[in-house]
Amino acid sequence: MSPQPHGRVLVVGSGIGGLTAALALHQRGLRVTVLERAASLEPVGAGIVLAPNALRALDVVGLGDTVRRLAAWQGPGGVRTPGGRWLARTDSSAAVRRFGDPLALVHRATLVEALAARLPDRTIRTGAPAQLVDWGAVDGRPAVVRTPDGDLEADLVVGADGVRSGVRGTLFPEHPGVTYAGFTAWRVVVPAPAEPFAPHETWGRGQIWGTQPLKDGRIYAYAAATAPAGERSPDGEKAELLRRYAHWHRPVPQILDAATDATLLRGDVHHMSTPLPAHHRGRTVLIGDAAHAMCPALGQGGNQAVEDGIVLAHHVGPARDLGAALAAYTADRLPRTTGIVRTSARVARLTMLSGTPAAGLRDGMTALARFAPGLALRTFDGIADWRPPQRTYAAPTPVHQARRQEEGHP
């Protein structure tokens, strides 16, 4: 079927980055359609920590305060050993003092629903796999995306199709793509155990565990361990986790008791060890994991996808020169995300150390943070203190207005 002109933006993928971009571009006055391969909006994953940089980005589309109200972590937390000893302690107010905003942990489904609810009806087309067949030319032909219902032309295509991005592969076929980071990860959401506990991340030898509360009373837990790529447990992932973590401190065993193979998610971690030459080509642009997949050690994967969507909308508008806008987007995002990908990889290597001497040195260095509460947060300097380049598109809430006045903004 020949391409049909639609004069619109097509977003390939309905993850957090794709929906953020769709909402921001819609609020900029552009006509947006989101193409999602899956039959329904069922986000892959469990929890996501939104750092101050992403919260301020969400302010632009009127969702920042909605997410801030979902922040569940209140009080102490820190890093522990498998036996339960605290290596470093911090509290929920430390990030607020340093960066002006909290760390907000939400279920990915909650964030996806909040973003989707702000889009016009029929913006999101599920059951619509899409393949980029022509990235277009800013001074000529439109981009073309192939769907089961025929080819669609677009003024702009946003590739938000994840780590294994087909759009990226079409734009940059010579790029090596993502590489295995050397470890696998598990995630689960379970009811909270009866006894209270302080949120924590626990570092072992070649493996870690994290336990964090959600606002609805459930617990988001995650684990990671060095393992060969593609390895899976023949007797189920719960059995594998019990072998690895059942002897760790409370509440790890209690959370494992509540988990099932059906609720446990496992996935190998891949990252973009070689950066792309650009985040756009022709009329097509990449955001999120499609552009800069990273290790989860800093928890910035989703946060950077949110930033991408907001910065893209800042540069792209109904009356803007598209070539200049996309070049400016790449100039803004490529250096920043490349640096965060590299920092995430370095932190991941540190936390996943497996040798006894090296792990002991790591733990000793981490223990120094108890004497300087802000030390652990210094890794996020230049990351969590980021601010979006534009003011809000949406009508500000009273809470947002008060915050801006406190910061000296009109």
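Taken together, the values in this text are just the output of simple stated rules run on the coordinates, not laboratory data. Computed from a prediction, not measured in an experiment: that's the story for all the values here. Reconstructed Cβ throughout: ideal geometry from the backbone, glycine too, with neighbour counts over all protein chains shown.
Take the Cα of ALA38, step 7 Å along the line toward its Cβ, and report every residue of segment 184-209 whose backbone nitrogen sits under 16 Å from that point.
Residues 187-189 qualify, since their backbone N sits under 16 Å from the label point.
What percent of all Cα-Cα pairs in segment 95-178 falls into each 10 Å bin, going from 0 up to the bin containing the maximum distance?
Calculated over all Cα pairs of segment 95-178, the distribution is 14, 31, 30, 18, 7, 0 percent.
What translational D, rounded to a whole number of µm²/s, comes out for segment 285-328 from Stokes-Einstein when the hydrodynamic radius is the Kirkwood one over Cα pairs, at 10 °C and 1.306 mPa s? Kindly include the intermediate steps, with their values, before the conclusion.
Numbers: Rh = 11.3 Å.
Rounded to a whole number, D works out at 140 µm²/s.
Mind checking which helices in the chain clear 18 Å along their axis (Cα) and have mean Kyte-Doolittle hydropathy of -0.5 or more, DSSP H runs only?
Values: long enough: 301-315 (21 Å, -0.09); 322-351 (42 Å, 0.22).
Helix filter hits for the chain: 301-315, 322-351.
For segment 138-268, how big is the tail of P(r) above 18 Å, as a whole percent of Cα pairs? Can you show the working numbers first?
On the way: 5486 of 8515 pairs.
The proportion of pairs with Cα distances above 18 Å equals 64 percent.
Can you give the percent of C-alpha pairs in segment 26-122 whose distance is more than 15 Å?
Here the long-distance tail beyond 15 Å is 70 percent of all Cα pairs in segment 26-122.
Can you give me the Cα centroid spacing of segment 142-160 and segment 189-210 in angstrom?
Centre-to-centre (Cα) distance: 43 Å.
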